[in-house]
Structure formats: C-alpha cells, structure tokens
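Below is one structure; the comments refer to it alone.
The values are calculated or read from the model by the stated rules, or taken from the named source; none is laboratory data. Worth saying up front: this structure is predicted, and the values here are computed from it rather than measured. Here the Cβ is made from the backbone with ideal geometry for all residues, glycine too, and neighbour counts use every protein chain on show. Accessible surface is based on the protein model in full, side chains and every heavy atom, while ligands, DNA and RNA are left aside. Shrake-Rupley method; radii C 1.70, N 1.55, O 1.52, S 1.80 Å.
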Amino acid sequence: MVIPFSEVFLAAVIHATLQVSLGSLLLLYHASIGKHVRKKTRNLVDSYIVGIVVLVFLTLGSMVFLLDRYFEKPLYVEELVIVVGMLVALAIATWMFYYRIGKSTELWLPRGVARFIGQRAKTTNNSIEAFSLGALTSLAEMPFTIVLMVVSANSIMKLPPLYQILAVVVYAAITVVPLIVLRLIIRKGQTVVDVQRWRVKHKNFFRLLTGIGFCVLAFFLFTFEVLV
C-alpha cells in the first residue's frame with residue numbers, strides 16, 4: 001500500500017501548488033473585506049473552500065468508480081506510458097505558460113474565463129455563491145489537474161475499499177491546505193496586498209516547483225508502475 005498512497009500524496013501536493021483557486025480566494029477576500037462584516041467574510045471563505053473540497057472529492061471518487069466499473073483493473077502499462085508522457089507535457093506547459101508574462105500572477109486562463117471568475121468573486125454575497133465559486137475554480141483548473149486525478153484514481157484502485165475512501169479524503173484535504181494557510185494568515189493580520197506581493201515575488205519558485213512536481217510524479221510512475 002505504500003506505493004499507491006505515495007502516488008496519491010504526491011499528486012495531491014502538486015495539485016495544491018496550482019494557483020487558480022488561491023488567486024480566486026484572494027479576489028474573494030479583496031471584494032469581501034470592507035463590504036461585509038468580518039464574520040460573514042469568514043463564512044464566505046469557508047464555503048468557498050468547502051466547494052473546492054466537495055468538487056475534488058466527487059471528481060476523484062467518480063474516477064475511481066468508473067475505472068473500477070468499466071476497466072475492472074488498474075491501467076495497463078501502455079496506458080501508463082501515455083499518462084507519464086502527459087505529466088511531462090504538463091511540466092513543460094507549467095514552465096512555459098502557466099503564468100502570463102509580466103510582473104503579476106496572472107495565470108494561463110482565457111481572458112473571458114478570468115473575467116467571469118473575477119466578476120463572480122466581486123458579486124459573491126452568500127455561502128451558496130461562495131460554494132459555487134469554489135467549485136467553478138476547481139473546474140477551471142481541470143486541464144492541469146485531471147491527469148493528477150487519473151493517476152490517483154488508478155493508484156486508489158489498488159487499495160482495499162476502506163483505504164480507498166481514506167485516500168480520496170486525504171487527496172481532497174491536501175489540495176486545500178494552501179487555502180487554509182491563507183485563511184489563517186489573513187486572520188493573523190496580514191493584508192491581501194501583502195499576500196499578493198509575496199505571490200508575485202515568488203511566482204517563479206512556484207512555477208519551478210510545480211513543473212518539477214509533475215516530472216517527479218512521471219518518474220515515480222515510470223519507475224514503479226511501468227518498469228516493474
């Protein structure tokens with residue numbers, strides 16, 4: 001069980017380093033602070049995080065179910081080779097265009113999608129809207145996360161049923177750790193501007209970290225799933 005859990009953990013950590021959900025949460029904070037009382041802002045943030053957790057949990061759980069229902073066994077070696085190639089391609093994509101050129105943290109999202117998410121963040125006034133915003137940002141990140149979930153679902157299939165549920169929960173929980181940390185930082189007195197400046201300063205580090213993560217996961221899969 002060590003290898004499957006390791007693959008799930010590594011995929012979840014890479015997922016957590018992606019920035020669409022974190023950037024959208026900052027937009028929500030920026031729009032909410034000053035417009036709502038502090039307690040309502042916390043409720044909106046909590047609902048946003050729950051929306052992400054629920055969508056990730058349901059998506060990954062559905063993948064495990066589909067693999068088990070229609071394939072009845074983990075992916076074949078030939079299919080894993082394709083997955084490894086996709087992970088390497090995502091690493092290259094992360095290094096080349098995940099962040100747009102310039103002194104900002106503007107991401108790869110199409111302009112229309114980015115404007116829509118930004119507008120939704122500005123107009124979010126209740127927990128249901130915040131929940132749906134969290135789910136929306138998770139969907140927007142799917143081009144980079146779907147392969148991570150395929151890897152995780154394939155690994156989870158090798159675990160006993162109870163451990164499968166635990167692995168899905170752990171994956172979903174890890175993906176929102178940066179959001180929880182941001183919530184705690186803001187609560188301790190840091191401003192949204194301070195956090196954004198820190199993100200701009202370290203964006204190349206995160207770009208490098210995420211790309212290396214994809215490569216490490218690809219190497220891990222190739223070593224322990226393809227070659228054995």
> Which residues, counting only those in the range 175-199, are assigned to a helix (DSSP H, G or I) and either open to solvent by less than 50 Å² (accessible area, probe 1.4 Å) or among the polar types (S, T, N, Q) (or both)?
Replying inline: Thr175, Pro178, Leu179, Leu182, Arg183, Ile186, Val192, Val195, Gln196, Arg199
> Which residues, counting only those in the range 107-138, are basic (Lys, Arg) and either out of contact with any helix residue (DSSP H, G or I) (no Cβ under 6 Å at 6 or more places or on another chain) or under 18 Å from Ile52 (Cβ atoms) (or both)?
Replying inline: Arg111, Arg115, Arg120
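Taking Ile82 as the residue in question, decide whether it is surrounded by fewer than 19 Cβ atoms within 10 Å (Cβ to Cβ), out of contact with any Pro (no Cβ under 7 Å at 6 or more places or on another chain), without any contact (Cβ under 8 Å) to a residue 24 or more places away in the chain and not in a helix (DSSP H, G or I).
Working: surrounded by fewer than 19 Cβ atoms within 10 Å (Cβ to Cβ): yes; out of contact with any Pro (no Cβ under 7 Å at 6 or more places or on another chain): yes; without any contact (Cβ under 8 Å) to a residue 24 or more places away in the chain: yes; not in a helix (DSSP H, G or I): no.
No; evaluated as a whole, the condition is false for this residue.
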> Cβ-Cβ below 7 Å, separation at least six or inter-chain, first residue in the range 10-32 and closer than 15 Å to Ile212 by Cβ, second aliphatic (A, V, I, L, M) and open to solvent by 10 Å² or more (accessible area, probe 1.4 Å): which pairs?
Replying inline: Leu10/Val216; Val13/Ile174; Ala16/Ile174; Ala16/Val177; Thr17/Leu209
>> One residue is enough: does the range 63-72 have a residue meeting the conditions open to solvent by 20 Å² or more (accessible area, probe 1.4 Å), under 17 Å from the mean Cα position of the chain (by Cα) and either at pLDDT below 95 or closer than 19 Å to Ile212 by Cα (or both)?
In response: yes
> Cβ-Cβ below 7 Å, separation at least six or inter-chain, first residue in the range 197-209 and modelled with pLDDT of 90 or more, second assigned to a helix (DSSP H, G or I): which pairs?
Replying inline: Phe206/Thr17; Arg207/Thr94; Arg207/Trp95; Leu209/Thr17
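Checking the conditions here, which among Val45, Val8, Val54 is surrounded by fewer than 21 Cβ atoms within 10 Å (Cβ to Cβ), modelled with pLDDT of 90 or more, within 30 Å of His202 (Cα to Cα) and in contact with a helix residue (DSSP H, G or I) (Cβ under 8 Å, 6 or more places away or on another chain)?
Details: Val45 fails: surrounded by fewer than 21 Cβ atoms within 10 Å (Cβ to Cβ); Val8 fails: surrounded by fewer than 21 Cβ atoms within 10 Å (Cβ to Cβ).
Answer to the check: Val54.
Condition check: surrounded by fewer than 20 Cβ atoms within 10 Å (Cβ to Cβ) and β-branched (Val, Ile, Thr). Does Val13 satisfy that?
Details: surrounded by fewer than 20 Cβ atoms within 10 Å (Cβ to Cβ): yes; β-branched (Val, Ile, Thr): yes.
In short, yes.
So for the range 204-213 (the condition being open to solvent by 50 Å² or more (accessible area, probe 1.4 Å), over 25 Å from Leu80 (Cβ atoms) and polar (S, T, N, Q)), does at least one residue qualify? Lay out the reasoning, then the answer.
Within the range 204-213, the first condition is being open to solvent by 50 Å² or more (accessible area, probe 1.4 Å), and the residues that meet it are 204-205, 208-209, 212.
Applying the additional criterion that residues be over 25 Å from Leu80 (Cβ atoms) yields 204-205, 208.
Checking which are polar (S, T, N, Q) leaves us with 204.
Checked the range 204-213: at least one residue is open to solvent by 50 Å² or more (accessible area, probe 1.4 Å), over 25 Å from Leu80 (Cβ atoms) and polar (S, T, N, Q).
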> Right, Thr94: under 15 Å from Gln19 (Cα atoms), of a type in the set (Val, Ile, Thr) and not in a helix (DSSP H, G or I) or not?
Replying inline: no
> So which pairs qualify, if the first residue must be in the range 44-57 and closer than 19 Å to Met149 by Cα, the second must be open to solvent by 60 Å² or more (accessible area, probe 1.4 Å), the Cβ gap must be under 8 Å, and the two must be at least 6 apart or on different chains?
Replying inline: Ile49/Ile180; Val50/Phe131; Gly51/Phe131; Val54/Phe131; Leu55/Leu139; Phe57/Val169
> Could you give every pair whose Cβ atoms fall below 7 Å, whose first residue belongs to the range 95-120 and is free of Cβ contacts under 8 Å to residues at least 24 places away in the same chain, and whose second residue is open to solvent by 100 Å² or more (accessible area, probe 1.4 Å), counting only separations of at least 6 or pairs across chains?
Replying inline: Trp108/Phe97
